[in-house]
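A.B. asks: Dumping the structure here so I can ask a few things about it.
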Amino acid sequence: MNIQHKKLLVLAFLLVTGLGGLGFRLYDLQILRHEEFRASAENNTQRVIVREPLRGQILDVRGNPLATSIPVKVVCADPTLIGDKQPIVAHALAPILEMNERNLVERLTPRIRADGRTNRYVVLKRKVSLDDWAAVRGVMTNLTFGVDESKLKKKDANFYKYLRRSAVFSEEDQLRVYYNKNLASHVIGYVGFMSKTNATKVASFAIPPKGTNFIPDDAVVGKNGVISNQVEKVEFETGLNGIELMFNKQLTGAKGWRRTEMDSSRRELFSYRDQDVQAHNGANVVLTIDVGLQDIVETELAEGMRKNSPLSISCMVVRPKTGEILAMASLPNFDPNCPGKSPVECLKNRIICNIAEPGSTFKIVPVSAALNEHVVTLNTMFDCENGAFFYNGKTLHDHDHHRLISVQEIIKHSSNIGAAKVGIALGANMLYEYIRRFGFGRKTGIDLPGEVSGIVHPVKNWSGVSLAQIPMGQGVAASPLQIMMAMCTIANKGVLMRPMLVDRLVDQDGKTVLVKYSPQPVRRVISEEAAREMVQALKTVPTKEGTAESAHMDNFTVAGKTGTAQKNANGVYLKKYFASFIGFLPADNPEICISVMLDEPRTNGYYGGKVAGPVFKAIADRAVNYLNLKPDIQPELEPESTNSNSTLATIPGIPVARPNKKE
Amino acid sequence: MARNRRNSDSDAARLTPALLALLICACFVSAGVGYVWYKNQTALLSREITKLEDQLKNLQTENKLRRDSLAEKSLPVNLIKLVEEKNLGLGPPALSQIVRINEAPVTHSSVSNREHSNAVPRLRKANDR
């Protein structure tokens, strides 16, 4: 073999060895470690961007917004891009974000995390308006650092460029706004943040695995929508009270996502977009509440609060035929835009959460029951013992002294002794049965959280005087809502209705009705005839001889009942009272039922007729006008013109304009 | 070289292989350039699309904000405040200002077939065929 051949062989050997090595490296990278590098490459480029749904609105029955969500920003920062310029950045941002400069400097300072890496994500402020975010962007873009950047090296110039462009960035968020502030706050409720730390449930890889394409509802999502198990604690906004809580799932909607790829500048590569699922925005909840009527109620309640100085004052307006709640208010209330600023007791909806002895308004139960069972008629006479009735070791008193009065007059004068005797005539078992049928001792099922069922003791636990006391409204505890629905039963010809607060659910455009709720009759409690007789008796209450003359209206027949209940603490009756009046109108074909209740009125007396009656009348006068109800008492008309030469057309009820007299 | 070849080769015949090679190279080059141009166009278009999507999103956001603002201004409580501020002297009507017109109930015999067919067409229901 000559030298040339040897050289050739050596060269060939070297080439083969070199190429072989390269080939093996290629095999190693492409075949053996393929999965590892594929995952790493996907991790660098693939992103799943979660799209948060817009929370649904809460609307009144006429479509006026009571609660809505507006888009805002979460202002975040990447401390690693700020270097040592935290004071300059903090000084620029503090006035816009309305934050303390020192706190900002602290947040912008990089920290070492538990895994040894520097944090690249810190939240500066949530719920920043779009205008404020635009101001932040403007400030960051024009930020100066006192150096001539044109003379800097490329690396240093890039530092300042990235600081301005990317150090402070934003994420999408939404802010819940309640335009009417305190109006109907107990009904609407409020939202707030809750946090969860269920990292174990989270996927262990950065993107959903192929074949699943699914983001579970409880997925923990970190920065840029990357699902990871590194996040320790996540806060999410949810309803915490009222309708916001009861209909939280419907209002929240469902998340969407976009599965795509990004380049090194974090720009999306549209052609590599894999999936694009729109978020399903929350449904709008349309209430039965009428915001105009609600405003009338709250204005008059505020006036009642000013005049009588009670601890609290509450009112409901209900349509008896359907159970729809047109207005529900309790003062003092709170602003759902900042519920934390009000005392805790203001957050409570007293109409459904507070129970107390109902007092004289409860007399409608034993009297209705006795009429229904034909134990008594409206003309049946009872001896009211001249105001003092001794029964089973206890003396019952009337505030007025009566002798023989009819059942109708027992209601008119609100005689405790008369009601007790009606109850005794009815019997314990029958009385208990009707108390339960009227809905006492159980929840009404209203669409609000925190409702209590009240207290009605079974007959076997009654004392010797319970049969006489309970018809007067002592010995049972009921919420204002339960008393209201009992009165509505009488107004609705004896049928108890479920209180209705939500009319329907519609989509965000308001064009498609998703769910429609119908009025729900619960049961027939008393016959139509008994209800009619009861209405007859209740019509005598707001008269000169009755206990609620102040509730009388000129153009509408009102039927109602006053209540003045002594407050009870540890079995001892105090010299403090609940004053109430519940009435419906027009009496023979009721359109609305209004209940007013004052807790401990301290000026101007404490009788229901004296303090609650005027508030009822003030609300009713404005409500009938607002709702355009037809009067059942015809108003007196002005005398029409008798001038035979008059050419003016006359319309009954419309005052005629008189022409100017010529001299 | 053979005499025949030296004498019979023309310029064209000598340049043909070179031209062929040039043509093939040009094909490859233009394919490469075309591919790069196509990818560039795709990238530009995708940026344009994402930019327009962002614009659409911003417009939708602005639309929602304006709609909410209008709804807020139309709230009855705000309208009443406006009436009071501007002293317009408006208020709810008095009972004597309300005229109620009672319509006579419509009976089937009072409406002839011709009148019915000339009336507003019946709205089509979902299960109509």
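A.B. asks: If the chain between residue A:429 and residue A:35 were fully stretched, how many nm would it gain, using 0.36 nm times the residue separation less the Cα-Cα distance? Before the final figure, lay out each step's value.
C.D. replies: Details: separation 394, 0.36 × 394 = 141.84 nm, distance 7.86 nm.
Difference between extended and current length: 134.0 nm.
A.B. asks: Still on this model: Normalised by the residues of chain A, what does the relative contact order come to in percent, with Cα pairs under 8 Å and at least six apart? Mind dumping the intermediate values first?
C.D. replies: Working: 1326 pairs, mean separation 84.5, N = 663.
Relative contact order of chain A: 13 percent.
A.B. asks: Which of the trypsin sites (Lys or Arg not before Pro) across the stretch A:32-77 are loop residues per DSSP, with 15 or fewer other Cβ within 10 Å? Don't skip to the answer; put the middle values down first.
C.D. replies: Details: sites: A:33, A:38, A:47, A:51, A:55, A:62, A:73; in loops: A:33, A:55, A:62.
Filter output for the stretch A:32-77: A:33, A:62.
A.B. asks: Then there's this: Kindly state, to the nearest 0.05, the FRET efficiency for residue A:436 paired with residue A:50, given R0 = 45 Å and r defined as their beta-carbon distance.
C.D. replies: Efficiency computed from Cβ-Cβ geometry: 0.35.
A.B. asks: Could I ask something else about it? Neighbour counts of other C-beta atoms within 10 Å: give me A:462, A:257 arranged from fewest to most.
C.D. replies: On the way: A:462 16, A:257 23.
Lowest to highest Cβ neighbour count: A:462, A:257.
A.B. asks: Further question on the same structure: With a 10 Å Cβ neighbour count serving as the proxy for reagent exposure, in which order, fewest first, do A:363, A:321, A:617 appear?
C.D. replies: On the way: A:363 27, A:321 18, A:617 23.
Lowest to highest Cβ neighbour count: A:321, A:617, A:363.
A.B. asks: What are the ³J(HN,Hα) couplings of the stretch B:77-84, residue after residue, when phi is run through the Karplus curve with 6.51, -1.76, 1.60 and θ = phi - 60°? Round to Hz, x for glycine and proline.
C.D. replies: Karplus-based 3J(HN,Hα) across the stretch B:77-84 equals 5, 6, 5, 5, 4, 5, 4, 5 Hz.
A.B. asks: Taking H placed 1.01 Å from N in the peptide plane, check which residues at least 5 places from residue A:500 or on another chain put their amide H under 5 Å from its amide H.
C.D. replies: A:324, A:325
A.B. asks: A follow-up question, please. Give the long-range amide H neighbours of residue A:396: residues separated by 5 or more places, or on another chain, with amide H under 5 Å away, using H modelled in the peptide plane at 1.01 Å from N.
C.D. replies: Close amide H contacts, sequence-distant or interchain: A:389, A:390, A:391.
A.B. asks: Using the Karplus equation 6.51 cos²θ - 1.76 cosθ + 1.60 (θ = phi - 60°), what ³J(HN,Hα) coupling, rounded to whole Hz, does each residue of the stretch A:611-620 give in order, writing x for Gly and Pro?
C.D. replies: These are the phi-based 3J(HN,Hα) values: 9, 7, x, x, 5, 4, 5, 4, 5, 5 Hz.
A.B. asks: Another question, if that's okay. If one computes the Cα centroid of the stretch A:39-70 and of the stretch A:562-577, what distance in Å separates the two points?
C.D. replies: 51
A.B. asks: Using r as the Cβ-Cβ distance of residue B:87 and residue A:129, and R0 as 30 Å, what FRET efficiency do you calculate, to the nearest 0.05? Can you show the working numbers first?
C.D. replies: Numbers: r = 33 Å, r/R0 = 1.10.
Here the calculated transfer efficiency is 0.35.
A.B. asks: Which one, A:97, A:456, A:587, is farthest towards the positive end of the dipole of the protein assembly as shown when Lys and Arg carry +1 and Asp and Glu -1 on their Cβ?
C.D. replies: A:97
A.B. asks: If you count, for every residue in B:71-82, the Cβ atoms of partner chains within 10 Å of its Cβ, what is the mean? The partial results should precede the final answer.
C.D. replies: Numbers: counts 7, 6, 1, 3, 10, 12, 11, 3, 1, 3, 0, 0.
Per-residue shielding by partner chains comes out at 5.
A.B. asks: Over the stretch A:23-137, calculate the relative contact order: mean separation of alpha carbon pairs under 8 Å at least 6 apart, over the residue count, as a percent. Walk me through the intermediate numbers first.
C.D. replies: Values: 103 pairs, mean separation 30.8, N = 115.
Here the relative contact order equals 27 percent.
A.B. asks: Related question: Could you sort A:387-398, A:137-148 so that the peptide with the highest average Cβ count within 10 Å comes first and the rest follow in order? The partial results should precede the final answer.
C.D. replies: Working: A:387-398: 14.2, A:137-148: 11.8.
So the peptides A:387-398, A:137-148, ranked by packing, come out A:387-398, A:137-148.
A.B. asks: Cβ under 10 Å from residue A:411's Cβ, residue A:411 left aside: what net charge do those residues give with Lys, Arg +1 and Asp, Glu -1? Walk me through the numbers on the way to the answer.
C.D. replies: On the way: positive: A:363, A:412, A:539, A:561; negative: A:409.
Cβ neighbours under 10 Å give a net charge of +3.
A.B. asks: Among the listed pairs A:394/A:561; A:394/A:493; A:181/A:539; A:255/A:511; A:151/B:39, give every one whose C-alpha distance is greater than 31 Å. Provide the component values of the computation, followed by the final result.
C.D. replies: Values: A:394/A:561 26 Å; A:394/A:493 36 Å; A:181/A:539 38 Å; A:255/A:511 22 Å; A:151/B:39 37 Å.
Violating the 31 Å limit, Cα to Cα: A:394/A:493; A:181/A:539; A:151/B:39.
A.B. asks: While we're here: In whole angstrom, note down how far apart the Cα centers of the stretch A:359-434 and the stretch A:470-532 are.
C.D. replies: 26
A.B. asks: Moving on. What is the stretch A:47-125 by shape, rounded, prolate or oblate, if you read a ≥ b ≥ c off the alpha carbon gyration tensor as root eigenvalues and call it rounded for a/c under 1.5, prolate for a/b larger than b/c, and oblate otherwise? Could you put the intermediate results ahead of the total?
C.D. replies: Details: a/c = 3.97, a/b = 1.91, b/c = 2.08.
Oblate is the answer for the stretch A:47-125, as a/c is 1.5 or above yet b/c matches or exceeds a/b.
A.B. asks: Between residue A:276 and residues 5 or more places away or on another chain, which pairs have amide H atoms under 5 Å apart, with H built 1.01 Å from N, and which residues are they?
C.D. replies: Counting only residues 5 or more places away or on other chains, the set is A:259.
A.B. asks: Given labels modelled 7 Å from the Cα in the Cβ direction, how far is it in nm from residue B:43 to residue A:142?
C.D. replies: 3.4
A.B. asks: Could you work out the local net charge near residue A:387, counting Lys and Arg as +1, Asp and Glu as -1, over the other residues with Cβ closer than 10 Å to its Cβ? Could the numbers behind the result be given before it?
C.D. replies: Numbers: positive: A:403; negative: A:385, A:398, A:400.
Charge balance near residue A:387 sits at -2.
A.B. asks: Then there's this: Going by how many other Cβ atoms sit within 10 Å of their own, how do A:305, A:500 line up, fewest first? Before the final figure, lay out the partial values.
C.D. replies: Numbers: A:305 18, A:500 21.
Placing the least packed residue first, the sequence is A:305, A:500.
A.B. asks: What is the average number of partner chain Cβ atoms found within 10 Å of a Cβ in A:295-306? Provide the component values of the computation, followed by the final result.
C.D. replies: Working: counts 4, 1, 0, 1, 2, 0, 0, 0, 0, 0, 0, 0.
Average per residue, whole number: 1.
A.B. asks: Compare the peptides B:87-98, A:245-256, A:481-492 by average per-residue count of other Cβ atoms within 10 angstrom and give them in order, highest first. Display every interim value, and only then the final one.
C.D. replies: Working: B:87-98: 10.8, A:245-256: 18.5, A:481-492: 27.9.
Most protected by this proxy first, the peptides run A:481-492, A:245-256, B:87-98.
A.B. asks: Oh, and also: Helix-derived [θ] at 222 nm for chain A: sum -39500 (n - 2.57) over DSSP H runs of at least 4, divide by residue count, nearest 500? Mind showing how you got there, number by number?
C.D. replies: On the way: 19 runs with 197 residues, N = 663.
Estimated from H runs of four or more residues: -9000 deg cm²/dmol.
A.B. asks: Still on this model: If the only charges are +1 at each Lys and Arg Cβ and -1 at each Asp and Glu Cβ, what is the size of the charge dipole of the stretch A:403-486 around the Cα centre, to the nearest 20 debye?
C.D. replies: Values: 8 positive and 4 negative charges, 43 e Å.
Its charge dipole is roughly 200 debye.
A.B. asks: When Lys and Arg each count +1 and Asp and Glu each count -1, what net charge do the other residues less than 13 Å away from residue A:575, Cβ to Cβ, add up to? It would help to have the intermediate numbers written out before the result.
C.D. replies: On the way: positive: A:567, A:576, A:602; negative: A:600.
After counting each charged neighbour, the total is +2.
A.B. asks: What is the calculated FRET efficiency for residue A:254 to residue A:404, with r their C-beta to C-beta distance and R₀ = 60 Å, to the nearest 0.05?
C.D. replies: Working: r = 69 Å, r/R0 = 1.16.
For R0 = 60 Å, the calculated efficiency reads 0.30.
A.B. asks: Another one. Output ³J(HN,Hα) for the stretch A:586-603: one whole-Hz value per residue in order, computed from phi by the Karplus curve 6.51 cos²θ - 1.76 cosθ + 1.60 with θ = phi - 60°, and x for Gly and Pro.
C.D. replies: x, 4, 8, 8, x, 9, 9, 10, 10, 10, 10, 9, 10, 9, 6, x, 10, 10
A.B. asks: Rounded to the nearest 20 Debye, what is the dipole magnitude of the protein assembly as shown about its Cα centre when Lys and Arg each give +1 and Asp and Glu each give -1 at the C-beta?
C.D. replies: Working: 101 positive and 81 negative charges, 695 e Å.
Approximately 3340 debye in magnitude.
A.B. asks: May I pose another question? With viscosity set to 1.567 mPa s and temperature to 4 °C, compute the Stokes-Einstein D of the protein assembly as shown, Rh being the Kirkwood radius across alpha carbon pairs; µm²/s, no decimals. Present the calculation step by step, with values, prior to reporting the outcome.
C.D. replies: Numbers: Rh = 33.7 Å.
After rounding, the answer is 38 µm²/s.
A.B. asks: Taking 0.36 nm per residue of sequence separation and subtracting the Cα-Cα distance, how much length would be gained by fully extending the chain between residue A:513 and residue A:452, in nm to one decimal? Mind dumping the intermediate values first?
C.D. replies: Values: separation 61, 0.36 × 61 = 21.96 nm, distance 3.14 nm.
Roughly 18.8 nm would be gained on extension.
A.B. asks: What residue among A:520, A:80, A:351 has its Cα farthest toward the positive end of the dipole of chain A, where the charges are +1 on Lys, Arg and -1 on Asp, Glu, each on the Cβ?
C.D. replies: Final value for the positive-end residue is A:80.
Read-outs throughout are calculated quantities, based only on the coordinates presented, and are distinct from any laboratory measurement. Source: prediction; values computed, not measured. Every residue, glycine among them, receives a Cβ derived from its backbone with ideal geometry; neighbour counts consider all protein chains shown.
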